[in-house]
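Only one structure is covered here, and it is reproduced in the block below.
The values are calculated or read from the model by the stated rules, or taken from the named source; none is laboratory data. This one's a predicted model, so the numbers in the text were calculated from it and none came from an experiment. Cβ placement follows ideal geometry from the backbone for every residue including glycine, while neighbour counts extend to all protein chains displayed. Keep in mind that these areas ignore ligands, DNA and RNA; they rest on the heavy atoms of the full protein, side chains included. Shrake-Rupley method; radii C 1.70, N 1.55, O 1.52, S 1.80 Å.
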Amino acid sequence: MATAVCVSVVRLDGSHVAGPSLKVPCGETVGGLLASVGASRERLIYEERLLPRSKRLVEDCGVPDGSTLLLLTLAPHVRLDIGNNERLSLHGITALAEGLPEDSALESVRLPSARLWGAESGRAVAAVVNRTSKLQHLDLSGNGGLCASGVKAFAQALNTTTVDLKSLDLDMCELEGVEGGEAVAAALRAIPGLLLLRMVNNRLIGAGGVRALTRGLPENAALQSIFLGEIMLYRECGGEAVAALLAKAKRLESLSLFGNRALYAAGVQALATDLTGEELLTSIDLGDCGLEGGQGGKAVEAVLQKLKHVKHLEVSSNWELQASGLMAIAEGLGQDHHLESMTAARCGLCGALAGDALGTLMLNAPDLKRLQLPENRLCNDGLVNWEQVLSTTKRVMALTSLSLGECDIKGAVGGESVAMLLRCCPSLEYLDLSGNEELGNNGLVALKEGLQGFELKLEQLRLGTCNLEGREGGAAVADLLSVLPTVRRCEVSGNRDLGADGIIALTEGFIAQRNANPENIRGLDALDLGQCGLDGPEGGLAVAKLIRAVPLEEIRLASNWGLSTPGIEKLSKELLAAADDGWNCKLKLLDISECWIAKEAGGFAIARLIRAAPDLETLNISFNWELSAVGFRTIAASLPDPTGISSLQLEKCGLAGPDGGRAVAEVAACCPCLEKLNLANNWGLSAAGVVALVQNMPSCPLLAAAELGNCELEGNFGGAAAAALASVCLAHGTGAQG
């Protein structure tokens, strides 16, 4: 048997990497080969397949002797999140700027709620941006003391020749009136390439602030998307101010006015009146703008008459819009409109009249592909009328995504009504029925019967919080999926009475379907069983049987508090025993967050799960606050081989101080492919813990995203610690590129 193969590694331009032929041992991993040619951060492609770094090139990936592999170069996109550390303040941001390497490759920095105040803080943030010429995204939201003086100082201190920001978040920064608008305009002049701007919930900006922003806006600004939600735009003067902004910001494609509750129909009508019709907007959000009934709907329709390019419309949280308002919008649509997506959550759409309006909307918007309607009391009657309107045409509906969450759909009649509606939408790929608490087992049975013999292309199905109970509930889910063979992702979270019996019935249903039709292998890839009442070893065993029966790639078990350590122990023992017997686990994502996993026993069980799932890439064990450092050290000690995990979610896991930081470093040492590390909400971690993590950090050449939000980082020490961790990521990225 050959002990090595010869392969050729080439770049996109056809040039060879490390010579025309490389001799690679048969047991070498993809990551090992990349490291040997100095390309740890790149990816290898063989026959249009992206090769996983943790897999062996020959045995696992099937690469034969004489093959040519394509090397795909990836630029380092390093992201740092240190938001909600309220004691970080000015001194921490200053230390962060000073600690970052010159011309660093940071792509994103999040500093929300960092207690930044006034001009000095603005200049400190500018120093961070000036230090990171490749920075694309900056989030300063929730810094209520920043105010106009801080934003102006930020703009004045920026190095305009190097700044390359594409998005800036100034939500909740206490920007007020004309002075606030002028400050934002100054920032836009200093950042000529800015594409997205958020200034939501600066409640005293008002129309005067928007006009000041417009006056100061540079000609031919690059801005494509702006969020002006909750800034106290009032009636006609608010609408006119927005129209003036659109006239000057000629490249704007997306506008959000969500939450301007005093705009009312009069303000939206004034906006429509002052529009030129030459605007390029493709998305507009008029949610929670005080729109009521037919008058509100006609105001929206007047805007759409001017904005012919709009593809996405949102009118959510206009509670009094109701069926009459939706009908006014629908009746105003014509052949020159190209609406593809509409969201109308919480709009008071009730019963039969709402069904008539929705049917009319779909008939008059033939390009409509996405319709989101959660939290409207459509009820069964609304669905019946909706289907009746659609049945008047032979045209095939283009709808691919439909959300009917919390729409008061009830029982068998509701399930039958949903089925009739779906028969009018053969292209549907996504369906959300979550939150219909009275749908129940009978509703799913009726839905299945109504879809029998009908071919639907559904790929994602959400059935969360539908009051599915016990064995009957599990069997109903399995039966429904039997007539929806294309479904790849299914959510049943929040059905707290499903329990282990329900999961066992679900598994038995899948097995029976496979035995009845061996050629039609169940295509389900992802299953969400969060908050399904799974308890202890019985719950763990039920999940293990399911995973063994169905080749899932993703499973979510979040918030099954009753599972606790004994349940995870049982799950891990069953899966590892099966793996030792030759079973091949396909899991790539495992979410066991908030399952009350604790201490050494919990850590050992988690390690067994990792060993049982060799393809695992994303592991979420957040909100197991009793796991603590001792649990993580146990995980690390119980993993004999490196893993292929690229994303670790460790939020609120009881990690505190240097001991917690060192424990995370030990786990990271077992994850050479680690790209994302989330340590948010480990309140006691502090700067000392982050420093200990950095000091003990192994070689993780791919690490590019670190989240340290709400970790009690304070002042100079906190900022310096964050900079040290960012520098580790940047050093790996730079080294890989070199």
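Tabulated data
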{"read-out": "When region 270-365 is reduced to its Cα atoms, the Kirkwood hydrodynamic radius in Å", "value": "13.0 Å"}
{"read-out": "Region 1-72 - Debye-derived log10 I(q)/I(0), Cα point model, q = 0.19, 0.25 Å⁻¹", "value": "-0.66, -1.23"}
{"read-out": "Region 1-114 - charge dipole about Cα centre, Lys and Arg +1 at Cβ, Asp and Glu -1, debye rounded to 20", "value": "200 debye"}
{"read-out": "Region 309-450, dipole about Cα centre (Lys/Arg Cβ +1, Asp/Glu Cβ -1), debye to the nearest 20", "value": "340 debye"}
{"read-out": "Longest to shortest principal axis, alpha-carbon extents of region 570-667, angstrom", "value": "41, 24, 20"}
{"read-out": "Built amide H within the under 5 Å cut-off of F258, gap 5+", "value": "L228, G229, G287"}
{"read-out": "Sulfur and carbon atoms: percent of accessible area, region 1-153 [1.4 Å]", "value": "52 percent"}
{"read-out": "Leading residue at positive end of dipole, region 20-139 (Cβ point charges), from I45, C26, A105", "value": "A105"}
{"read-out": "Over region 595-681, relative contact order from alpha-carbon pairs under 8 Å, at least 6 apart, %", "value": "33 percent"}
{"read-out": "Percentage relative contact order, region 122-277, counting C-alpha pairs under 8 Å, at least six apart", "value": "19 percent"}
{"read-out": "Separation in nanometres of the label points that stand 7 Å from Cα toward Cβ, at T486 and I45", "value": "2.6 nm"}
{"read-out": "Charge sum, other residues only, whose C-beta stays under 15 Å from A656's C-beta, Lys/Arg counted +1 and Asp/Glu -1", "value": "-1"}
{"read-out": "Table column - 3J(HN,Hα) (Hz), region 391-397, Karplus curve with 6.51, -1.76, 1.60, x for Gly and Pro", "value": "6, 6, 10, 9, 5, 7, 6"}
{"read-out": "12 Å Cα-Cα reach of K586 towards aspartates and glutamates, excluding residues that sit fewer than 8 places from it in its own chain", "value": "D525, E553, E554, D615, E617"}
{"read-out": "Pairs beyond 26 Å (Cα-Cα), from K166/K676; K55/K573; K55/K599; K308/K369; K410/K570", "value": "K55/K599; K410/K570"}
{"read-out": "For the chain: accessible area per residue (Å², 1.4 Å)", "value": "38 Å²"}
{"read-out": "Estimated 222 nm signal from helices in the chain, with DSSP H stretches of n ≥ 4 weighted -39500 (n - 2.57), rounded to 500", "value": "-13000 deg cm²/dmol"}
{"read-out": "Sequence-distant residues sharing a close amide H with L57 (under 5 Å, placed H)", "value": "E28, T29, V30"}
{"read-out": "Per-selection Rg to Rh, region 437-560 - Cα, Kirkwood hydrodynamic radius", "value": "0.93"}
{"read-out": "Among beta bridges that DSSP assigns inside the chain, antiparallel share in %, nearest 5", "value": "15 percent"}
{"read-out": "26 Å Cα-Cα threshold exceeded, pairs from K152/K248; K250/K306; K448/K588; K134/K311", "value": "K448/K588; K134/K311"}
{"read-out": "Cβ-defined net charge surrounding R87, 11 Å radius [Lys, Arg +1; Asp, Glu -1]", "value": "-2"}
{"read-out": "Net charge of Cβ neighbours under 10 Å - reference L713; Lys, Arg +1; Asp, Glu -1", "value": "-2"}
{"read-out": "Whole-Hz couplings from phi, Karplus 6.51/-1.76/1.60, listed for region 56-66; x for Gly and Pro", "value": "6, 4, 8, 5, 8, 9, x, 7, x, 4, x"}
